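The values are calculated or read from the model by the stated rules, or taken from the named source; none is laboratory data. These figures come from a predicted structure and were not determined experimentally. Cβ sites come from the backbone with ideal geometry, for glycine too, and all protein chains shown count toward neighbours. Note: areas computed on protein heavy atoms with side chains; ligands, DNA, RNA excluded. Shrake-Rupley method; radii C 1.70, N 1.55, O 1.52, S 1.80 Å.
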Amino acid sequence: MTTDSSSTSTSAAGGGISTFKGQERALRADRLGTGGLLLSVLAATAPLMVVAGVMPTTFAVMGIVGQPLLFVVLGVVLILFSVGYAEMSRHVHNAGAFYAYISRGLGGTAGAGAALVALVAYNALQIGIYGIFGFEVSGLLATYADVEIAWWIPALVAALAVGLLGWLKIDVNARVLGVLLVIEVLLVVIFDIAALADPGKEGLSLHAFNPDTLTGAGVGTALCFCIAAFLGFEQAPVYAEETSRPHVLVPRVMFFAVGGVAVFFALSSWALTVATGPSAIVGTSQKQSAGLLFFLTESRLGGTFTDVLHVLFVTGMFAALLSFHNVVARYAFAMGREGLLPAAFGRTSGTSGAPGTGSLLQTVIALVVVAAFAIADDKPVGDPTAPVLQLFTWLGNIGALGVILLMAAASLSVVVFFVRRGAAGAQAWRLVTSALSGLALLVIAGYTVKDFEVLVGAGPDSSLSWVLPGVIGLALVAGLLLGLVLRARAPEKHARIGLGNEAFQLEKAASS
């Protein structure tokens, strides 16, 4: 292979191959340590949004008191998933994470299908948050500044701000995310302590951890609500190329993240039941809806604390927006580098080393989708069918379904990967945990599809129950077709799917 020395040279930075004008085919290494990686990952879980939004909704819609126990159960399932996933991360370092792992186990065509699913799912998760973000900001301005603005104005401003930050160095992003995350967690912990110190009429009841609270037809759907609260922990391998010791840091951060999230959410949801009393949590949640947390802090911690909590609710959503944006940009970068997207996406921007084209793509998609929902918005803001709220529920659940399916496929891929390498004996217990978690995740995915109309608040005969999950199905079919086309017409590109920067290092060695 020959190269034009005027436009292409080898770069030492990040071990990558420079293509032109400072752009590289590898993300810059040594940008994230354990702390930065952990904060970048945890920011996507948006702890305050979960406690103030997801938990009251689950109590109210599903009528299940045992939500704290559900977080424990899901924590166990996801730790089982993480055992094999973390071991795989020691062998594969690729910003395409899910699809790279699936490619290594199930082949390039399956990897191409996973890549499109991941791109659609994480875009949906990120863009959906703009709906609730704009809704909350417009509400805050009306309440505290007596200024009435449409929800889509702060949503579009946030999209531009996130896009700008996406072009910066990832360590700068990590610091922004870290500050917002730490403040969020501290405020929730203060509420938890206040609730336990001043419980409702039933005292410090542990009834919410009683297995009897999980009986009933709504448990499967409640699992779908709750697993969405964990989404983000699985992103650690996406940043593997930007750490100095990915084989050590990525597994460490994943276990810290999923374990910490499970404990934190189990305790916080229990604190909600203690504050109202287990027998009253469902009724109070139905009455207060997303205002439950603020209603409970007002009487225990005062108006000032509650006002601060409202503001941090918004900044926490912004942190989640930025975290998911970074992930989407890196998936686009990995796909561009391996021929699944145009080559321009597979290059980093000059000084920051960030995947600039992928960042720009995600920003443009977000702006277009938010604008489309804004144009369609002809209903009062408080109307539950208003597009501003549909943006959050529709896209959020589309994204959650996609990620659950990706995790299930990744679990299968872990098993196949190590069996093919002749390591089934040495990795036996990890293969068992991967198989168990994969089956559990498929069950949750089945409930998600079955009860999709409940998750998005549509009627039982609504076409949304198959149209919205169908978006993930279409992405999978499109990705598989792309993989088949590459295998037939460009086998060298097909063979490179999932290899990431390794393919270019091999290419470099072969040409020297």
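What to note about this one:
- Test for Ala290: is it at negative phi, out of contact with any His (no Cβ under 6 Å at 6 or more places or on another chain) and open to solvent by 30 Å² or more (accessible area, probe 1.4 Å): yes
- Residue match in region 417-429 (condition: within 26 Å of Cys226 (Cβ to Cβ), part of a helix (DSSP H, G or I) and at pLDDT below 95): no
- Condition broken by Glu338, with the remaining ones in (1) farther than 17 Å from Thr363 by Cα; (2) open to solvent by 20 Å² or more (accessible area, probe 1.4 Å) satisfied: (2)
- The one condition in (1) within 30 Å of Ser89 (Cα to Cα); (2) surrounded by fewer than 23 Cβ atoms within 10 Å (Cβ to Cβ) that Leu181 fails to fulfil: (2)
Each row is one residue, and each column tells you yes or no for (1) in contact with a Lys or Arg (Cβ under 8 Å, 6 or more places away or on another chain); (2) crowded, with 24+ Cβ neighbours inside 10 Å; (3) at pLDDT 90 or above; (4) of a type in the set (Val, Ile, Thr).
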| residue | (1), (2), (3), (4) |
| --- | --- |
| Val282 | no, no, yes, yes |
| Phe294 | no, no, yes, no |
| Arg300 | no, no, yes, no |
| Phe305 | no, no, yes, no |
| Val314 | no, no, yes, yes |
| Val327 | no, yes, no, yes |
| Arg330 | no, yes, no, no |
| Pro342 | no, no, yes, no |
| Pro355 | yes, yes, no, no |
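- Of all residues in region 436-457, those that are over 18 Å from Val73 (Cβ atoms), in a helix (DSSP H, G or I) and either open to solvent by less than 20 Å² (accessible area, probe 1.4 Å) or hydrophobic (A, V, I, L, M, F, W, C) (or both) total 4.
- Scanning region 52-66 for residues that are farther than 16 Å from Gly396 by Cβ and either part of a helix (DSSP H, G or I) or free of Cβ contacts under 8 Å to residues at least 24 places away in the same chain (or both) returns Phe59, Ala60, Met62.
- Taken together, the residues in region 458-505 that are at pLDDT below 90, open to solvent by 60 Å² or more (accessible area, probe 1.4 Å) and of a type in the set (Lys, Arg) amount to 1.
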